[in-house]
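Below is one structure; the comments refer to it alone.
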Amino acid sequence: MAKSKYEYVKKFEKNDSLLPNTWLVIRVDGRGFHKFSDKHGFVKPNDQKALELMNKCAENVMNDIHDIVLAYGQSDEYSFVLKKECNLYDRRETKIVSTVVSLFSSNYVFNWNKYFPDKELLYPPSFDGRVVQYPGDNNLRDYLSWWQADCHINNLYNTCFWALVHSGKTETEAENVLRGTVSSEKNELLYSQFNINYNKLPEMYRKGSVLIRQE
Ligand code: GTP
Ligand code: MG
């Protein structure tokens, strides 16, 4: 087809090369996982198997795409870090993001049965994806700190919320108990009312998961 009269259509393809010499972070996030986790009866607030499945998907993505040096996951999301000098697909944004998202999604379905042998996958899960570029190492570090803090804040709240609900409170009552409370008060509530030492809960729940490529 080269040099045919149709060749001009190629010129309409957008150049979406990412900036050179920046850290690339691809973040994938489960689409509608609030509903997905409910429909599939995930344990609240943390489903060990669901988190392990996410980790497996991330591991397989890293095994396939060697430019990824580090991955951080929590809840229904995973961030993949590519080296500054990475030249994967000539740094074309849509190629990189769509490849990571599709690899992650297909792995989720492919490995579902290994983690949930007694649970039928009721409908195909999907993930969205985006890329963020960071010029400095400090920006990348702050990005990871931000998401780890997000994991901690959400997990502390959710642990209290579900402890209250499981003890017989309605969801609205649990929300009212927690409204305006600071971290120390939530820790105290868990300890005094439910004998839960928050700091002894699994690190994966409190801080998320990190995968690092060994050189
Ligand atoms: P979009 O990402 O905007 O499509 O919405 P979403 O419904 O996926 O919500 P979001 O990504 O903001 O949050 C993830 C949701 O997944 C949480 O609010 C939970 O409802 C659910 N979720 C993630 N991990 C777990 C888990 O381990 N157990 C349970 N029960 N639910 C989880
Ligand atoms: Mg989501």
When residues of segment 59-88 are limited to those that are within 16 Å of ligand 2 (Cβ to nearest atom) and among the acidic types (Asp, Glu), the one least open to solvent (accessible area, probe 1.4 Å): GLU77
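Grab the helices (runs of 4 or more DSSP H) fully contained in segment 120-213, keeping just those with 1 or more residues being open to solvent by 60 Å² or more (accessible area, probe 1.4 Å) and more than 16 Å from ligand 1 (Cβ to nearest atom).
In segment 120-213, 137-166, 171-178, 183-194 are the helices (runs of 4 or more DSSP H) which contain 1 or more residues that are open to solvent by 60 Å² or more (accessible area, probe 1.4 Å) and more than 16 Å from ligand 1 (Cβ to nearest atom).
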Residue check for SER102: open to solvent by 40 Å² or more (accessible area, probe 1.4 Å) and either farther than 18 Å from GLU215 by Cβ or in contact (Cβ under 8 Å) with a residue 40 or more places away in the chain (or both): yes
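The values are calculated or read from the model by the stated rules, or taken from the named source; none is laboratory data. Here the structure is a predicted model, which means the values were calculated and not measured. Heads up, the Cβs are rebuilt from the backbone with ideal geometry, glycines too, and the neighbour counts pull from every protein chain shown. The accessibility values were calculated without ligands, DNA or RNA, using every heavy atom of the protein model including side chains. Shrake-Rupley method; radii C 1.70, N 1.55, O 1.52, S 1.80 Å.
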